[in-house]
Amino acid sequence: MLVDYQINNRVAYIILNRSEKRNALNSEIVAELSHAFEKAEHDEKVKVIILKANGEVFSAGADLDYLKKLQSNSFEENLADSNLLKRLFEQIYGQPKIVIAQVQGHAIAGGCGLASVCDFIFSTPAAKFGYTEVKIGFIPAIVSLFLIRRIGEGKAKELLFSGDLIDANYAKQIGLVNYLCSDENIEAEVLAYAEKLCKTTSAQSIALTKQLLNNVQDLPLTEALEFAAEMNAHARSTNDCKNGINAFLNKKKIEW
């Protein structure tokens, strides 16, 4: 298996398992990742998803043999292949459950894109990040749309136009990375963060809040406010909201 799937309490681990190839991406591993995220989404036991990798590199981007094959593909074949990656990124970004990327080692090109579409990125200080596509005559097409949302157009241009690798400290400064952790502590810190979210936040609230944030950015202000008001009204009718307000009013601690 190119991707491992494990569950620890209410946390699902989706693990890139191709360390001998620096966890490089090809159509097979993209398909397995897509299947794993679909499995986690529909697993009622799972509340938070952690994406990580075996080996010293998170992901080096596209596999070399895969790149060679692309050169002989027709436009239709390349479009079908691109749609596989598009679907995976949409799956992760639109996932109703929180997704955390645990980055130990470099995340480059498509591998950096994979981390970028997660809700949070935890990284070790030695990790490097970069979208190197322009250095080989390619373009970071699909991930660019998500990167602009994450760090803004100006910083996205800086990374995408240069193709340079940046260190984890700078990645944190520009908002690409959320938290820096030592090599010794990252596993425990990511799990502790995930378990805290499991215990202290409503799954229904998280799913609705993610839906809200994902949709309002593309709407004019008036439409965005209307959508937000509708989501607000919808949230009030959920069981989690009723239970949460009841616990608050009765001064009871609620554990989700």
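Quick notes on this one:
- Only residues that are of a type outside the set (A, V, I, L, M, F, W, C), closer than 24 Å to Gln211 by Cα, without any contact (Cβ under 8 Å) to a residue 24 or more places away in the chain and in a helix (DSSP H, G or I) were counted across segment 230-256, and they come to 5.
- Strands (runs of 3 or more DSSP E) fully within segment 1-60 that include at least 1 residues being among the acidic types (Asp, Glu): 3-8.
Here's the yes/no breakdown for (1) farther than 29 Å from Gln71 by Cβ; (2) of a type outside the set (Phe, Trp, Tyr):
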| position | (1), (2) |
| --- | --- |
| Gly113 | no, yes |
| Asp119 | yes, yes |
| Ser123 | yes, yes |
| Phe146 | no, no |
| Lys157 | no, yes |
| Leu165 | no, yes |
| Leu180 | yes, yes |
| Glu189 | yes, yes |
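- Every residue from segment 172-197 that is closer than 30 Å to Arg236 by Cβ and surrounded by 18 or more Cβ atoms within 10 Å (Cβ to Cβ): Tyr193, Ala194, Leu197
- Residues in segment 115-155 that are over 13 Å from Val103 (Cα atoms), of a type in the set (Lys, Arg) and in contact (Cβ under 8 Å) with a residue 24 or more places away in the chain: Lys135, Arg149, Arg150.
- Test: residue in segment 144-153 that is of a type in the set (S, T, N, Q), buried (at least 16 other Cβ atoms within 10 Å of the Cβ) and in the same structural domain as Ala31 (by TED's automatic domain parsing): yes
- Matching option when the condition is out of contact with any Asp or Glu (no Cβ under 9 Å at 6 or more places or on another chain), touching a residue at least 24 places away in the same chain (Cβ under 8 Å) and not acidic (Asp, Glu), among Leu160, Leu191: Leu191
- For the residues Ala31, Ala62, the requirement of being touching a residue at least 12 places away in the same chain (Cβ under 8 Å) and closer than 21 Å to Lys135 by Cβ singles out Ala62.
The values are calculated or read from the model by the stated rules, or taken from the named source; none is laboratory data. Fair warning: this is a prediction, and the values are worked out from it, not measured in the lab. When we count neighbours, we look across all protein chains shown, and the Cβ atoms used for this are built from the backbone with ideal geometry, even at glycine.
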